[in-house]
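Participant: My questions all concern the structure below.
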Amino acid sequence: MARRSALLVAAAIGTFPAAGHGHYTERGWAYPPACCKGSNQGGDCQRIPGGTVRKGKHGFLVILGPGDHYRVTREHMFLIPYGDEIPSGDGDYHICLHPTEDHMNCFFAPPDGA
């Protein structure tokens, strides 16, 4: 019974890895399927350097340049309003760019918003 309850809680809060999705970080959590498109080699979600993220008055300002995410070929700036971020499962920042590098699909921040 305890195991069933734990599975239900994990599924409800979104920490249960999606079967077959395959986009796991090095610390064992999975990007939600709605965020990450593609295969293990060509998915659009990736960890980004913490220095690319700043907290502002209205949200997170993310400035990405080539090398910060494998899809980025030129500088991009995204403003993610507070409340639109998703808690990351490993304490790092991550971003999903889909369908192109110009479109931020999902943004993950450490649960404390560091």
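Participant: Any idea how many residues of the range 103-114 are within 14 Å of GLY59 (Cα to Cα), open to solvent by 30 Å² or more (accessible area, probe 1.4 Å) and within 11 Å of the chain's Cα centre (by Cα)?
Facilitator: Number satisfying all stated conditions: 0.
Yes/no per residue for (1) touching an Asp or Glu at 6+ places or on another chain (Cβ under 7 Å); (2) among the hydrophobic types (A, V, I, L, M, F, W, C); (3) within 16 Å of ASP102 (Cβ to Cβ):
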{"site": "LYS57", "(1), (2), (3)": "no, no, no"}
{"site": "LEU61", "(1), (2), (3)": "no, yes, no"}
{"site": "PRO66", "(1), (2), (3)": "no, no, yes"}
{"site": "VAL72", "(1), (2), (3)": "yes, yes, yes"}
{"site": "GLU75", "(1), (2), (3)": "no, no, yes"}
{"site": "PHE78", "(1), (2), (3)": "no, yes, yes"}
{"site": "TYR82", "(1), (2), (3)": "no, no, no"}
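Participant: Collect the residues in the range 46-73 that are of a type in the set (A, V, I, L, M, F, W, C) and in a helix (DSSP H, G or I), keeping them in residue-number order. Working first, answer last.
Facilitator: First, the residues of the range 46-73 that are of a type in the set (A, V, I, L, M, F, W, C): 48, 53, 60-64, 72.
Residues satisfying the conditions do not exist here.
Participant: Scan the range 74-104 residue by residue and report those that are under 16 Å from CYS36 (Cα atoms) and touching a Pro at 6+ places or on another chain (Cβ under 8 Å).
Facilitator: Once the filter is applied, which keeps residues that are under 16 Å from CYS36 (Cα atoms) and touching a Pro at 6+ places or on another chain (Cβ under 8 Å), the range 74-104 yields ILE86, PRO87, SER88, TYR93.
Participant: What is the one condition in (1) surrounded by 13 or more Cβ atoms within 10 Å (Cβ to Cβ); (2) over 18 Å from ALA30 (Cβ atoms) that THR100 does not satisfy?
Facilitator: Only one criterion is unmet by THR100, namely (1).
Participant: Does ALA11 satisfy being modelled with pLDDT under 50, in contact with a Pro (Cβ under 6 Å, 6 or more places away or on another chain), more than 21 Å from GLU101 (Cα to Cα) and of a type in the set (A, V, I, L, M, F, W, C)?
Facilitator: Values: modelled with pLDDT under 50: yes; in contact with a Pro (Cβ under 6 Å, 6 or more places away or on another chain): no; more than 21 Å from GLU101 (Cα to Cα): yes; of a type in the set (A, V, I, L, M, F, W, C): yes.
Answer is no for this residue.
Participant: Taking GLU75, is it modelled with pLDDT of 95 or more and under 11 Å from the mean Cα position of the chain (by Cα)?
Facilitator: On the way: modelled with pLDDT of 95 or more: yes; under 11 Å from the mean Cα position of the chain (by Cα): no.
So GLU75 fails the test.
Participant: Being in contact with a strand residue (DSSP E or B) (Cβ under 7 Å, 6 or more places away or on another chain), surrounded by fewer than 17 Cβ atoms within 10 Å (Cβ to Cβ) and modelled with pLDDT of 95 or more narrows it down to one of TYR82, TYR70, TYR93, so name that one. Talk me through it step by step, then tell me what you get.
Facilitator: Values: TYR70 fails: modelled with pLDDT of 95 or more; TYR93 fails: surrounded by fewer than 17 Cβ atoms within 10 Å (Cβ to Cβ).
Going through TYR82, TYR70, TYR93 in turn, the sole match is TYR82.
Participant: Oh, and also: List every residue pair whose Cβ atoms lie under 9 Å apart, where the two residues are 6 or more positions apart in sequence or sit on different chains, the first residue falls within the range 27-47 and is modelled with pLDDT under 75, and the second residue, located anywhere, is among the small types (Gly, Ala, Ser).
Facilitator: Close Cβ pairs satisfying both conditions: ARG27/GLY89; ARG27/GLY91; SER39/GLY22; ASN40/GLY22; GLY43/GLY22.
The values are calculated or read from the model by the stated rules, or taken from the named source; none is laboratory data. Remember, it's a predicted structure, so these values are computed and weren't measured experimentally. Glycine gets a Cβ as well: all are built from the backbone with ideal geometry, and neighbour counts include every protein chain shown. Surface accessibility is based on the protein's heavy atoms, side chains included, excluding ligands, DNA and RNA. Shrake-Rupley method; radii C 1.70, N 1.55, O 1.52, S 1.80 Å.
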